Amino acid sequence: MAFIKMHIELIASILSGILILIAFTLELQQYATLSAVIYILAFGIGGYAKAKYGILKTIEDKQLNVEILMILAAVGSSIIGYWTEGAILIFIFSLSGALETYTMNKSKKEITSLMKIQPETAWLVRDNQTVLVSLNELNTGDSIVVKPGERVPVDGVLQKGQTAVDESAISGEALPVSKYKADELFAGTVNLSGTITMEMTKPSTETLFQKIIDLVQSAQSEKSPSQQFIERFEGRYVKVVILVFVLMLFLPHYVVGWDWNTTFYRAIVLLVVSSPCALVASIMPATLAAISNGAKNGIIFKGGIHLENLSMVKAIAFDKTGTLTRGKPEVTDFVIREGADPKLAMARIAGIESQSNHPLAKAINDFVVSKGITPVPNLMIRDVPGNGLKATINKEEFLVGKPKFVGESLAESFEDGLLEKLANQGKTVTFVRDGEGILAAMALKDTVRDITKATIDELKKAGIYCIMLTGDNHKTAGVIAKETGVDDYIAECLPADKVDELKKLVKKYEYVAMTGDGINDAPALATATTGIAMGEGTDIALETADVILMKNDLSRIAYAIRLSKKMQRIVKQNIFFSVAVIVLLIISNFFQAITLPLGVIGHEGSTILVILNGLRMLNRNV
């Protein structure tokens, strides 16, 4: 029942189409009365939703709309005996309405998926005990305990303990951030290691995570310039047609001297030939064909308006982590102290790292295993939150972690200042220290996708400005920007900062796309004229975006832009042609140069031609 209720408009439209086919078949077999009854049934089933919407909208806005015009045109066709034309008109219009409703229902899921990530409870410290309470019971200044693996429930500062926090939900940064006393903590981020106590500094309704939700809702409520233009055009078009139709019912009789039968006949013909059936067909088939073409090529468009907007894009903003880069740290350098046994050292290091669930540790372990080296098994280690690992092998102590943990001066002097060189390349360096000093240094980096630079180059050649927005520090962002070839970059961006930058770009370029994959990108995706999400991104990014790149293939952006520009050319051709035919038919009707059958042939013929022209979008060679 739920499925039927959700898709009732689409079911009614399909049923109306089936009834039209049955009625048309009966009409060919000379069952005129029965076919008329079935046509009326098709009118009622297919046109009910649009008729109801059109009437209520007319009453609400105190202005006629296209829905009313289409209904009048269909009724006018049936009055003069052209049931098939009227029924097809209703069918096409009801189908477009069903697809529109389906898209709107899908878009409502995005905020729900985002809300699931926000914690609903917290461990409140009360009378030296921890009590699980609802976020609504918390007040600014409360002390809250956050255990390993839990999400931080509210914004605040660290009071006791130290840990590593996954802030990718806020900043997009792939690598965990170490947190010490007095450091800021954000709601929605994940505590990876140590148990900590934090002080709440903001109400749950004012957290950074809640602001992300508010930004998405705000951006989605704003209508695009194209949508506003369509609404203005719709009202004017209907007013003109209705006015001319009413005048045609009376004026020709008194001004030109037509008899009443001719006057009424010509007025009905006018209503039929001026109905926007061809105009609707100018856009819908081309749009659906373009969407189908995109799907076959790994691009999902959520609607025709996004194809239109994409064709006019002059600037594209890119998130870094998971978009321009792979989103996972990879070992780029593995340097072992001269004189040490490389295989033994790597086996021991992998054995230590295999006991940790830290992303850097996993990357190091995977790198060693890929070299065909088996990690030393069953090592006893101790996690030192925010710093690294301690292990004892054959009574010898090993330290694995950041420079400060293993000895900053030793780390800085290892291999003639290797640390500074690697850090300047935007890499994170992990050191291993044994009884003799620094044993090894491993550099890790979120590497750029293979296709990224070629894609950026192609977009720049097309005259599109490319900029990277990232939560990373300036040094890392600068290195990635140089590798990818983007025109500019802005580092250390929080979600609100990305929205601000997008607004600046929209003000300057008007049509701007944003490409991202994380929760933190959702507000920017919604703010941009066209939001583009990576196929392996978070649910909220996929729901918020207007276009989705399946298989995370960045090269599809350039293809999508070419596809959208071709569709716009075809749509403009169709609109010009269909309007020209309508104008020609209206003028011919006024001079009584066409009969109703010729008017129908001209009207339906132009519709068929624009549909065939639109189907050229199915050609995969764009």
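Here are a few things to note about the model shown:
- Scan region 356-365 for residues that are small (Gly, Ala, Ser) and either more than 34 Å from the chain's Cα centre (by Cα) or in a loop (DSSP other than H, G, I, E, B) (or both) and the total you get is 1.
- Some residue of region 42-63 being under 30 Å from THR595 (Cβ atoms), of a type in the set (A, V, I, L, M), in a helix (DSSP H, G or I) and modelled with pLDDT of 85 or more: yes
- Some residue of region 560-572 being more than 22 Å from GLY463 (Cβ to Cβ) and in a helix (DSSP H, G or I): no
- Residue in region 480-522 that is farthest from the chain's Cα centre (by Cα), counting only those that are among the hydroxyl-bearing types (Ser, Thr, Tyr) and in a helix (DSSP H, G or I): THR484
- Taking region 240-253 as the range and being more than 23 Å from ASN65 (Cβ to Cβ) and open to solvent by less than 60 Å² (accessible area, probe 1.4 Å) as the test, the residues that pass are PRO252, HIS253.
- Tallying residues that are modelled with pLDDT under 75 and not in a helix (DSSP H, G or I) within region 280-299 yields 0.
- Counted residues, region 559-585 - those being surrounded by fewer than 19 Cβ atoms within 10 Å (Cβ to Cβ) and in contact with a Leu (Cβ under 6 Å, 6 or more places away or on another chain): 0
- Selection within region 291-304: residues that are farther than 21 Å from SER606 by Cβ and more than 13 Å from the chain's Cα centre (by Cα). The member of this set that is surrounded by the fewest Cβ atoms within 10 Å (Cβ to Cβ) is LYS296.
- Condition check for VAL547: open to solvent by 50 Å² or more (accessible area, probe 1.4 Å) and modelled with pLDDT of 80 or more: no
- Scanning region 444-457 for residues being among the acidic types (Asp, Glu) and either in contact with a Ser or Thr (Cβ under 6 Å, 6 or more places away or on another chain) or surrounded by 17 or more Cβ atoms within 10 Å (Cβ to Cβ) (or both) gives a total of 1.
- Some residue of region 336-355 being part of a strand (DSSP E or B) and touching a residue at least 24 places away in the same chain (Cβ under 8 Å): yes
- Which numbered condition LEU89 fails, given (1) open to solvent by less than 70 Å² (accessible area, probe 1.4 Å); (2) modelled with pLDDT of 75 or more; (3) among the hydrophobic types (A, V, I, L, M, F, W, C): (2)
- Qualifying residue in region 462-471 (condition: in contact (Cβ under 8 Å) with a residue 40 or more places away in the chain, part of a loop (DSSP other than H, G, I, E, B) and surrounded by 24 or more Cβ atoms within 10 Å (Cβ to Cβ)): yes
- Being assigned to a helix (DSSP H, G or I), under 18 Å from ALA340 (Cβ atoms) and without any contact (Cβ under 8 Å) to a residue 60 or more places away in the chain holds for only one residue in VAL368, VAL376, VAL400, and it is VAL368.
- Count - residues of region 167-191 that are of a type outside the set (Gly, Ala, Ser) and either in a loop (DSSP other than H, G, I, E, B) or at pLDDT below 85 (or both): 11
- Close pairs (9 angstrom Cβ cut-off, 6 or more residues apart or separate chains): touching a residue at least 40 places away in the same chain (Cβ under 8 Å) in region 54-69, among the hydroxyl-bearing types (Ser, Thr, Tyr) anywhere: LEU64/THR58; ASN65/TYR53; ASN65/THR58; VAL66/TYR237; ILE68/THR58; LEU69/TYR237; LEU69/SER274; LEU69/SER275
Residue-wise test of (1) hydroxyl-bearing (Ser, Thr, Tyr); (2) open to solvent by 10 Å² or more (accessible area, probe 1.4 Å); (3) in contact with a Leu (Cβ under 9 Å, 6 or more places away or on another chain).
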site: VAL255; (1), (2), (3): no, yes, no
site: TRP260; (1), (2), (3): no, yes, no
site: SER275; (1), (2), (3): yes, no, yes
site: ILE283; (1), (2), (3): no, yes, no
site: LEU288; (1), (2), (3): no, yes, yes
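- Some residue of region 96-113 being part of a loop (DSSP other than H, G, I, E, B), at pLDDT below 80, of a type in the set (A, V, I, L, M, F, W, C) and out of contact with any Cys (no Cβ under 7 Å at 6 or more places or on another chain): no
- Qualifying residue in region 513-522 (condition: without any contact (Cβ under 8 Å) to a residue 24 or more places away in the chain and either touching a helix residue (DSSP H, G or I) at 6+ places or on another chain (Cβ under 9 Å) or surrounded by 19 or more Cβ atoms within 10 Å (Cβ to Cβ) (or both)): no
- Summed over region 403-443, residues that are assigned to a strand (DSSP E or B), free of Cβ contacts under 8 Å to residues at least 60 places away in the same chain and either charged (D, E, K, R) or open to solvent by 40 Å² or more (accessible area, probe 1.4 Å) (or both) total 2.
- Among the residues of region 310-367, the one identified as of a type in the set (Phe, Trp, Tyr) and closer than 30 Å to THR527 by Cβ is PHE318.
- Applying the condition of being of a type in the set (S, T, N, Q) and open to solvent by 10 Å² or more (accessible area, probe 1.4 Å) to region 305-333 and asking which residue is farthest from LYS475 (Cα to Cα) yields SER311.
- Failed condition for GLU206, given (1) of a type outside the set (Val, Ile, Thr); (2) modelled with pLDDT of 85 or more; (3) surrounded by fewer than 20 Cβ atoms within 10 Å (Cβ to Cβ): (2)
The values are calculated or read from the model by the stated rules, or taken from the named source; none is laboratory data. Just so it is clear, the structure is predicted and the values come from calculations on it, not from any experiment. With ideal geometry, Cβ positions are generated from the backbone for all residues, glycine too; neighbour counts draw on all protein chains shown. For the accessible areas, the whole protein counts, side chains as well, though only heavy atoms, and no ligand, DNA or RNA atoms are used. Shrake-Rupley method; radii C 1.70, N 1.55, O 1.52, S 1.80 Å.
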